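Report on the following structure.
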Amino acid sequence: QVQLVESGGGLVQAGGSLRLSCAASGIIYRFNVMGWYRQAPGKQRELVATITSGGSTNYADSVKGRFTISRDNAKNTVYLQMNSLKPEDTAVYYCNAQRQLEYWGQGTQVTVSS
């Protein structure tokens with residue numbers, strides 16, 4: 001059974017940094033796409049960033065230049081380095097992975113105080 005386990009969330013002041021990690025287990029094949037989504041209270045879940053197995057990346061306009069997504073294919077792990085955090089980045093961040101099927105992590109809370 002495939003599982004995605006996120007870590008690295010927490011409370012940080014505006015302007016600070018956090019690094020999220022998402023480790024996949026239960027699969028020996030490489031995911032085609034891995035990424036991060038987030039959902040703030042009262043809002044829909046939205047794309048933050050994705051990365052393909054070949055390293056192509058895609059970012060939401062709101063995080064371009066501040067967030068960096070990367071992955072370790074050997075470990076089926078994806079990371080999200082978040083710099084210059086803003087209060088509007090506060091949300092539950094979810095890991096996503098796709099290979100024939102789509103998988104989600106349980107989410108990790110990121111809170112940015114002003």
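The values are calculated or read from the model by the stated rules, or taken from the named source; none is laboratory data. Only a predicted model underlies this, so the values are computations on that prediction, with no experimental measurement involved. All Cβ positions, glycine included, derive from the backbone under ideal geometry; neighbour counts span all protein chains shown. The accessibility values were calculated without ligands, DNA or RNA, using every heavy atom of the protein model including side chains. Shrake-Rupley method; radii C 1.70, N 1.55, O 1.52, S 1.80 Å.
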Legend entry - Output for region 59-87, where each listed residue is part of a strand (DSSP E or B) and either loosely packed, with under 14 Cβ neighbours inside 10 Å or on the phi > 0 side of the Ramachandran plot (or both): D72
Inset, instruction - Assess whether A40 counts as being among the small types (G, A, S) and under 23 Å from E102 (Cβ atoms). - result: yes
Legend entry - Hits in region 23-36 - residues which are within 25 Å of T90 (Cβ to Cβ), open to solvent by less than 40 Å² (accessible area, probe 1.4 Å) and in contact with a Lys or Arg (Cβ under 9 Å, 6 or more places away or on another chain): M34
Legend entry - Search result, residues across region 1-52 that are part of a strand (DSSP E or B) and basic (K, R): R19, R38
Inset, instruction - Kindly check whether there is at least one residue in region 17-32 that is out of contact with any strand residue (DSSP E or B) (no Cβ under 7 Å at 6 or more places or on another chain) and aliphatic (A, V, I, L, M). - result: yes
Legend entry - Conditions (1) under 22 Å from L11 (Cβ atoms); (2) open to solvent by 70 Å² or more (accessible area, probe 1.4 Å); (3) polar (S, T, N, Q): number failed by T90: (2)
